[in-house]
Amino acid sequence: MKLLLAEDDAMLGASMEKGLEQAGFKVDWVRTGNHASTALKTQSYDVALLDIGLPQIDGLE
């Protein structure tokens, strides 16, 4: 299962990426709302985990 992880906190994002990969997910990790928006427009994901406090565009938009 392919997952988009949008998290700007480096420690939290790295921990989440590692745990999700260990659980069998293919993870694309981005750190800004603009990068998340671009990834969602250009790639296909089964799941997106979005931080609501992302820089540039928040996870609610």
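Where a number appears in this text, it was derived from the coordinates with a stated rule and is not lab data. Note that the structure is predicted; figures quoted are calculated from it, not measured. Virtual Cβ from ideal backbone geometry, glycine too; neighbours counted across all protein chains shown.
Residues in segment 5-61 that are of a type in the set (D, E) and assigned to a loop (DSSP other than H, G, I, E, B) were compared, and the one that is surrounded by the most Cβ atoms within 10 Å (Cβ to Cβ) is E7.
For segment 17-45, which positions are closer than 19 Å to L60 by Cβ and in contact (Cβ under 8 Å) with a residue 12 or more places away in the chain?
V30, R31, T32, G33, N34, H35, A36, S37, A39, L40, Y45
Counting only residues that are out of contact with any strand residue (DSSP E or B) (no Cβ under 7 Å at 6 or more places or on another chain) and not small (G, A, S), segment 14-34 holds 5 of them.
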